[in-house]
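Following: one structure in structure tokens, then a few remarks.
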Amino acid sequence: MSAPARNRMMIVLRQVEGPHWCVVQHEVQNGKRSFVARIATAREYGPAVRIAAITAAKMRLHLAIEANGRALRRFDHKRDAPKMGARP
């Protein structure tokens, strides 16, 4: 993937239903975001975060988070990562 194409792609950790999250790849073109691929289906937050972080690192893409009722924003590993000792 070329650098300009990579700059338009992102991995999104998206809340889909209650405590379940999915991991998808989106592309931004002309200011609009569109679905590219599903990386992982709905699952609990902790496992979804791990899959999203690993995928973003391997693909060298930005990782974003989109919770229900909230705007899409860049994933912050300090603030958004599951807390140690928390229930899975």
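The values are calculated or read from the model by the stated rules, or taken from the named source; none is laboratory data. Every value quoted in this text rests on a predicted model; they were computed, and no experiment measured them. Here the Cβ positions follow ideal geometry from the backbone for every residue, glycine too, while neighbour counts run over all protein chains shown.
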Note on segment 43-53: residues touching a residue at least 24 places away in the same chain (Cβ under 8 Å) and out of contact with any helix residue (DSSP H, G or I) (no Cβ under 8 Å at 6 or more places or on another chain) are Glu44, Tyr45, Gly46, Pro47, Ala48, Ile51, Ala52
Any idea which residue in segment 14-54 is modelled with the highest pLDDT, counting only those that are surrounded by fewer than 13 Cβ atoms within 10 Å (Cβ to Cβ) and among the basic types (Lys, Arg)? Arg38
A careful count of residues in segment 10-43 that are in contact with a Pro (Cβ under 9 Å, 6 or more places away or on another chain) and outside any strand (DSSP E or B) gives 0
